[in-house]
Amino acid sequence: MSKPVKDMITAEYANRFGDLDGALVVDIRGMPANANNEMRLDLFAKDIRVTIVKNTLARKAFSGTALENLGTALDGPSAVVYGANSVVDVAREIIAWAKKVKNLELKGAVLDGEYFGGADGVKRLSTFPTRDEAIAKVVSIALAPGGKVVGAALAPGAALLGIVKEIQERLEKGETIGKV
C-alpha cells in the first residue's frame, strides 16, 4: 500500500474515531457470515458500529486521543466497535453477542483513556453504570438527606395529629378523656 493511501486511511480513522471517549476491539475472524450480518444489523439498529481496521494505521490515528491505550488490543485481525450512548452499552451488547456466537473474541476496551484488557476487562466494563444510570444514582444520593430532613420535620406534627384524632374519635363515641 502506498504512503498516500495509508495517509488517507489514517486520516479517515482519525476523523471517524477522533471524538470518541471509548470503544471496544473484537476479533470476528471465523464467525459465520450469516451470524456476522445478523450481529451487525442488530448493533446498527442500536446505533452501534463495527469497523474493521488496519492495526498500524489505527494505532497511528489513535495517538494523542482518548483511544490511544486501545492500541494494546490491536493485534491480529481487529474490529473497533463503538457508538450508542456509552461504551458500557456497547460492551453489554457485545457480551450478549459473544454468548450467542462462539467465534467472537473480546480483545479489550477503553473508557475515558482507561484500558480494560481482554474478555475479563470488557466484562468488567459492562458492569459499570451507564452515564444515565450514574446521573440517576447521584441525584438520588443528593436528594436523600433532604427527604430525611423533611421526614424529621413532619414527624412531631404527625404524632400530634394522631393524638388529636384519637381524642376526636373518643369524644364522638361519648367516652370521657381522663388526665394522663
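Taking the criterion of being surrounded by 10 or more Cβ atoms within 10 Å (Cβ to Cβ) and hydroxyl-bearing (S, T, Y), the only residue of region 133-179 that qualifies is S140. Checking the stated criteria, A84 turns out to be small (G, A, S), without any contact (Cβ under 8 Å) to a residue 40 or more places away in the chain and under 17 Å from V50 (Cβ atoms).
Yes or no, residue by residue, for (1) among the β-branched types (V, I, T); (2) surrounded by fewer than 19 Cβ atoms within 10 Å (Cβ to Cβ); (3) touching a Pro at 6+ places or on another chain (Cβ under 7 Å); (4) not assigned by TED's automatic domain parsing to the domain that holds K100:
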site: D21; (1), (2), (3), (4): no, yes, no, no
site: M39; (1), (2), (3), (4): no, no, no, no
site: D47; (1), (2), (3), (4): no, yes, no, no
site: F62; (1), (2), (3), (4): no, no, no, no
site: V81; (1), (2), (3), (4): yes, no, no, no
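Quick check on this structure: which one of I28, I9 is closer than 21 Å to I94 by Cα, more than 17 Å from the chain's Cα centre (by Cα) and not hydroxyl-bearing (S, T, Y)? Step by step, each of I28, I9 is checked, and only I28 is closer than 21 Å to I94 by Cα, more than 17 Å from the chain's Cα centre (by Cα) and not hydroxyl-bearing (S, T, Y). Tallying residues that are among the hydrophobic types (A, V, I, L, M, F, W, C) and in a helix (DSSP H, G or I) within region 104-149 yields 13. Here G178 clears all of (1) under 30 Å from A98 (Cα atoms); (2) small (G, A, S); (3) outside any helix (DSSP H, G or I) except the condition numbered (1).
The values are calculated or read from the model by the stated rules, or taken from the named source; none is laboratory data. Worth saying up front: this structure is predicted, and the values here are computed from it rather than measured. Here Cβ is always computed from backbone atoms with ideal geometry, including for glycine, and neighbour counts include all displayed protein chains.
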